[in-house]
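Visitor: I have a structure I would like to understand better, so I am pasting it below and will then ask my questions one at a time.
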Amino acid sequence: MKFKYSVLILITSILISANSCQKSEARLSKEEMKDIVDSRNAQLGECFKSGDVERLALMYSDSAKLSPNGSDFVHGRENIKAFWAEDFKTSKVIEMNTTVLTIDGNSEIIYETGLANSKILYNDSLYNAAVKYINVWRKQPDGTYLLDIDFWNKPKK
């Protein structure tokens, strides 16, 4: 009987340890999340500045949702790609800077709010554009984080 009891305690201990390891793996520190988001935002900025709609589309998950200021949702990577391709016909991002205001989540999903400022050449005129945004980054099977929700609008003046 003592042997069965000892085995039960051992198995329980192993399961608790395994569960603890899984929970610690599922958590990222705010600093780790910020590093991921800063890196992904820098890549987004490069895509916008280069006008590379193919590379930009790959920053979004297959089932991503885009909500541009005052417009209907755009669903799916291919539709988002078409949205940006149309936008890039008349505008070129010269400079883009993001400031992360809040960040939260875990290893599977990261929620970010922030401000973005861009210098945009639109129909031969230079504009300074400012937006507030909410991004949701979802971890993919290959370990990368892709935009799953991209929402922005103009801040109040």
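Visitor: Residue check: is Ala85 surrounded by 18 or more Cβ atoms within 10 Å (Cβ to Cβ), aliphatic (A, V, I, L, M), in contact with a helix residue (DSSP H, G or I) (Cβ under 9 Å, 6 or more places away or on another chain) and modelled with pLDDT of 95 or more?
Guide: Working: surrounded by 18 or more Cβ atoms within 10 Å (Cβ to Cβ): no; aliphatic (A, V, I, L, M): yes; in contact with a helix residue (DSSP H, G or I) (Cβ under 9 Å, 6 or more places away or on another chain): yes; modelled with pLDDT of 95 or more: yes.
Criteria not met by Ala85.
Visitor: Please go through the stretch 98-125 and pick out each residue that is at pLDDT below 95, touching a strand residue (DSSP E or B) at 6+ places or on another chain (Cβ under 9 Å) and exposed (fewer than 12 other Cβ atoms within 10 Å of the Cβ).
Guide: Asn123
Visitor: If you take the residues of the stretch 88-97 that are of a type in the set (A, V, I, L, M, F, W, C) and over 17 Å from the mean Cα position of the chain (by Cα), which of them is surrounded by the fewest Cβ atoms within 10 Å (Cβ to Cβ)?
Guide: Restricting to residues being of a type in the set (A, V, I, L, M, F, W, C) and over 17 Å from the mean Cα position of the chain (by Cα), the top hit is Ile94.
Visitor: Also, quick follow-up: Taking Asp52 and the conditions (1) modelled with pLDDT of 95 or more; (2) under 28 Å from Asn106 (Cα atoms), which numbered condition does it fall short on, given that it satisfies the others?
Guide: Asp52 satisfies all of (1) modelled with pLDDT of 95 or more; (2) under 28 Å from Asn106 (Cα atoms) except (2).
Visitor: Now for a different question. Can you find even one residue in the stretch 57-72 that is surrounded by 15 or more Cβ atoms within 10 Å (Cβ to Cβ), over 15 Å from the mean Cα position of the chain (by Cα) and polar (S, T, N, Q)?
Guide: no
The values are calculated or read from the model by the stated rules, or taken from the named source; none is laboratory data. Everything quoted here is computed from the prediction, not taken from an experiment. Every residue, glycine as well, gets a Cβ built from its backbone with ideal geometry; the counts of neighbours run over all protein chains shown.
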